[in-house]
1. What number of residues within segment 189-208 satisfy the criterion of being of a type outside the set (Asp, Glu), open to solvent by 30 Å² or more (accessible area, probe 1.4 Å) and part of a loop (DSSP other than H, G, I, E, B)?
2. State whether the residues of segment 245-268 include one that is within 16 Å of ligand 1 (Cβ to nearest atom), open to solvent by less than 80 Å² (accessible area, probe 1.4 Å) and not in a helix (DSSP H, G or I).
3. For segment 89-108, name all the residues that are under 17 Å from residue 125 (Cα atoms) and within 13 Å of ligand 2 (Cβ to nearest atom).
4. When you scan segment 53-67, do you find a residue that is of a type in the set (Val, Ile, Thr) and assigned to a strand (DSSP E or B), even just one?
5. What's the number of the only condition in (1) loosely packed, with under 13 Cβ neighbours inside 10 Å; (2) within 14 Å of ligand 2 (Cβ to nearest atom); (3) modelled with pLDDT of 85 or more that residue 231 fails to meet?
6. Does residue 272 satisfy being farther than 30 Å from residue 221 by Cβ and either aliphatic (A, V, I, L, M) or touching a residue at least 60 places away in the same chain (Cβ under 8 Å) (or both)?
7. Is it true that residue 300 is open to solvent by 60 Å² or more (accessible area, probe 1.4 Å), of a type in the set (Lys, Arg), under 30 Å from residue 12 (Cα atoms) and part of a loop (DSSP other than H, G, I, E, B)?
Amino acid sequence: MDKLISIVVPCYNEEQAIPIFYAEVVKSLRSIPNTDYEIIFVSDGSRDNSAKEIKKIASEDKHVKYVIFSRNFGKEAAIFAGLKESRGDYTAVMDVDLQDPPYLLKQMYDILEEGYYDCVAARRVTRKGEPPIRSFFARCYYKLISKISETEIVDGCRDFRLMKRQMVDSILSVTEFNRFAKGIFSWVGFETKWLEYENVERVAGTSKWSFWKLFLYSINSIIAFSTAPLAIASVVGVVLFALSIIMIIFIFVRTLVFGDPTSGWPSLVCIILLLSGIQLLCMGIMGGYLARAYMETKKRPLYIVKETNIELKK
Ligand code: UDP
Ligand code: MG
């Protein structure tokens, strides 16, 4: 029997990229023998004509399915929705801007067919075409998270990957609200093969990630996949406590020996400022975790569907 390949495509304001992506990806999918395909476009609250473009394509090709969100819920929610509605034996997640080269699909499929691997993922080995400052912070981020998280997050890894059904189902079983797909892909385990490729610039439209949005995203991912910042806060507390004991003894002895000349106000102010700064920082860190815990307990749905052409799974 033919194997079914599902492609999950999150789209946010991508009216120009959608038709180009569709044409390219269908070409690549048709070149894989003995397979059938479905493409699931998830419009993540797009404000342009993305939904219209997707519906137009869907009306001409019965392989094309769509899920349209009631507002922008973020790429992570869109990926979750697409994976949930996918029915393929093999399922891929792909950006619509063709930064995930469709020609890799055939290679990925062949590797999965051999049987050993459960997932074939793509990894950018260059970042050319990207603003240097963004690349610099990205590199720092990957170094940091690989140190403080037990879940491995590979530098340059993309969400682009082809996975066997079992792995997709495992990912769907992770229902946390604060989702970080790259972390979850790695956390569920299984054998992953990495394919390396050179960075490709997007075909149309602009990146949906501002520097600030990426920064918040990285903070979110650290909180989702590491509790090290909490431990660091305690360590800083212990070190400062030890330091203050030493200082107290020092001042005590000095006063006994030399008397008490009333000086040292500026240094006192500096110390108070430093310590209250550190305290606020630590409270901020705790607050970050508390806020995520609060959001998780609400058990809100990850997304709301406004329109679709498939029967949604329960
Ligand atoms: N995207 C989305 N929701 C968002 C932001 C982005 O579904 O809130 C989609 C976007 O349409 C694209 C993919 O996620 O298909 C990657 O976005 P983008 O190319 O802007 O990110 P970059 O490649 O610059 O990191
Ligand atoms: Mg992109």
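The values are calculated or read from the model by the stated rules, or taken from the named source; none is laboratory data. These numbers were taken from a predicted model, which means no experiment stands behind them. Reconstructed Cβ throughout: ideal geometry from the backbone, glycine too, with neighbour counts over all protein chains shown. Only protein heavy atoms, including side chains, enter the accessible area calculation; ligands, DNA and RNA are left aside. Shrake-Rupley method; radii C 1.70, N 1.55, O 1.52, S 1.80 Å.
1. Here is the first cut: in segment 189-208, the residues of a type outside the set (Asp, Glu) are 189-190, 192-195, 197, 199-200, 202-208.
Checking the rest, the ones that are also open to solvent by 30 Å² or more (accessible area, probe 1.4 Å) come to 190, 192-194, 200, 202-203, 205-208.
Filter once more, keeping what is part of a loop (DSSP other than H, G, I, E, B): 190, 200, 202-203, 205-208.
Counting residues in segment 189-208 that are of a type outside the set (Asp, Glu), open to solvent by 30 Å² or more (accessible area, probe 1.4 Å) and part of a loop (DSSP other than H, G, I, E, B) gives 8.
2. No; the residues of segment 245-268 include none that is within 16 Å of ligand 1 (Cβ to nearest atom), open to solvent by less than 80 Å² (accessible area, probe 1.4 Å) and not in a helix (DSSP H, G or I).
3. 98, 99, 100, 101 - these are the residues of segment 89-108 that are under 17 Å from residue 125 (Cα atoms) and within 13 Å of ligand 2 (Cβ to nearest atom).
4. Initially, segment 53-67 is screened for residues of a type in the set (Val, Ile, Thr), giving 54, 57, 64, 67.
Pick out the ones that are also assigned to a strand (DSSP E or B) and you get 64, 67.
For segment 53-67, residues of a type in the set (Val, Ile, Thr) and assigned to a strand (DSSP E or B): present.
5. It is condition (2) that residue 231 fails.
6. On the way: farther than 30 Å from residue 221 by Cβ: yes; either aliphatic (A, V, I, L, M) or touching a residue at least 60 places away in the same chain (Cβ under 8 Å) (or both): yes.
Considered against the rule, which asks whether it is farther than 30 Å from residue 221 by Cβ and either aliphatic (A, V, I, L, M) or touching a residue at least 60 places away in the same chain (Cβ under 8 Å) (or both), residue 272 comes out as yes.
7. On the way: open to solvent by 60 Å² or more (accessible area, probe 1.4 Å): yes; of a type in the set (Lys, Arg): yes; under 30 Å from residue 12 (Cα atoms): yes; part of a loop (DSSP other than H, G, I, E, B): yes.
In short, yes.
Each row is one residue, and each column tells you yes or no for (1) open to solvent by 20 Å² or more (accessible area, probe 1.4 Å); (2) under 28 Å from residue 216 (Cα atoms).
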site: 3; (1), (2): yes, no
site: 14; (1), (2): no, yes
site: 25; (1), (2): no, no
site: 34; (1), (2): yes, no
site: 52; (1), (2): yes, no
site: 66; (1), (2): yes, no
site: 69; (1), (2): no, yes
site: 81; (1), (2): no, yes
